[in-house]
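Trainee: Pasting a structure here, questions to come.
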Amino acid sequence: MFLRLLVVVSLVLSATGLGILALQLIQPSGNPQQVARVEAPPVVAPPPKVRMIVAARPLSIGTLLKDEDFRETDVAADAVPEGAFTSGTASLAELRGALLRRFIDPNQPVIATDVLRPRDRGFLAAVLRPGTRAIAIGVDAVTGTAGLIWPGDEVDLILTQNLQQQLGQGPESAGRRVVGETILSAVRVIAVDQQISHSGTDATAARVVARTVTLEVTPEQAERLAVAVQLGRISLAVRSIEGVPEATGPRPSLVFGSDVSSALTGPQAPSPSTRMRIIQGGSQQEVTFR
């Protein structure tokens, strides 16, 4: 009886031990690790940029702006100063030929209040230097250098006239009927009526050739020019922006048709010539006078 009870207790203990062991095998060992959830920061879009017009080089007060005086640069939209010019045909047309009111350093933006445009009131009075006058002359695609003259350029004025039309009868020599001369030199252009006509944002805007050019002259030069336009055809010759300074007064020499074309001189007998020998010290030199 005692033996049977001992066997039963042993079986019960064995079963209990096996159950505990089975539970330990089923349950994972240690505490479960909790993985922290980290969210990625939101993607911030870069601020939009615009192309702004800035000075390409130091610009002095009184400068008549040209295309090479400014360039375009990319800046953030919120960094564009109020009144600054942004990229576009309209902005370039506004700046081209405008008078600069203050000194601007390179890479500095050009503000609307810094310039005086040709259509603004008082533009001519502000552009003219003391003691000078403004006078306008008519030009076309040929006499106006194909519309490539801009405010700030310096030009020579060439008068070409037909003496036969002026006098009613021409000189006896056909080579003396047409004559040309430079009546004014180094005259500054202060305004051109050339505009850019465009529709929308069309980059291929049509260029209208200038019909009038306004020049800065002295009172005496204004009188000469007013008479010259009644005598014949006035042509503009653009001077180089760099080079040796030339005389600003009119050139006394005249250029006739015979000076340009030898066909107008006709057959001529050789003119008599005189030869003279000059003896100076130990040297001798022959000079021919024609």
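Trainee: When the residues of the range 124-138 are narrowed to those that are in a strand (DSSP E or B), out of contact with any Pro (no Cβ under 8 Å at 6 or more places or on another chain) and of a type outside the set (Val, Ile, Thr), which ends up surrounded by the fewest Cβ atoms within 10 Å (Cβ to Cβ)?
Mentor: Filtering the range 124-138 for residues in a strand (DSSP E or B) gives 133-138.
Checking the rest, the ones that are also out of contact with any Pro (no Cβ under 8 Å at 6 or more places or on another chain) come to 134-138.
Remaining after also requiring of a type outside the set (Val, Ile, Thr): 134, 136, 138.
Working: Ala134: 16, Ala136: 15, Gly138: 12.
Selected residue: Gly138.
Here's the yes/no breakdown for (1) touching a Ser or Thr at 6+ places or on another chain (Cβ under 7 Å); (2) assigned to a strand (DSSP E or B); (3) at pLDDT below 85:
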| position | (1), (2), (3) |
| --- | --- |
| Arg51 | yes, yes, no |
| Arg57 | no, no, no |
| Asp74 | no, yes, no |
| Glu82 | no, no, no |
| Gly97 | no, no, yes |
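Trainee: Yes or no: Arg37 under 16 Å from the mean Cα position of the chain (by Cα), assigned to a loop (DSSP other than H, G, I, E, B) and farther than 12 Å from Leu95 by Cα?
Mentor: no
Trainee: Now for a different question. Can we say Phe103 is surrounded by 20 or more Cβ atoms within 10 Å (Cβ to Cβ) and aromatic (Phe, Trp, Tyr)? I'd like the intermediate steps shown before the answer.
Mentor: Values: surrounded by 20 or more Cβ atoms within 10 Å (Cβ to Cβ): no; aromatic (Phe, Trp, Tyr): yes.
Criteria not met by Phe103.
Trainee: When you look at Ile190, is it part of a strand (DSSP E or B), modelled with pLDDT under 90 and not charged (D, E, K, R), yes or no? Before you say what the answer is, go through the steps one by one.
Mentor: Details: part of a strand (DSSP E or B): yes; modelled with pLDDT under 90: yes; not charged (D, E, K, R): yes.
Judged against the criteria, Ile190 is a match.
Trainee: Please work out which residue is farthest from the chain's Cα centre (by Cα), limiting yourself to the range 52-83 and to residues that are basic (Lys, Arg) and surrounded by 14 or more Cβ atoms within 10 Å (Cβ to Cβ).
Mentor: The initial filter retains those residues of the range 52-83 that are basic (Lys, Arg), namely 57, 66, 71.
With surrounded by 14 or more Cβ atoms within 10 Å (Cβ to Cβ) added as a condition, the list becomes 66, 71.
Values: Lys66: 4, Arg71: 8 Å.
This residue is Arg71.
The values are calculated or read from the model by the stated rules, or taken from the named source; none is laboratory data. All figures in this text were calculated on a predicted structure; none of them were measured in a lab. No Cβ is skipped: glycine too gets one built from the backbone with ideal geometry, and neighbour counts run over all protein chains shown.
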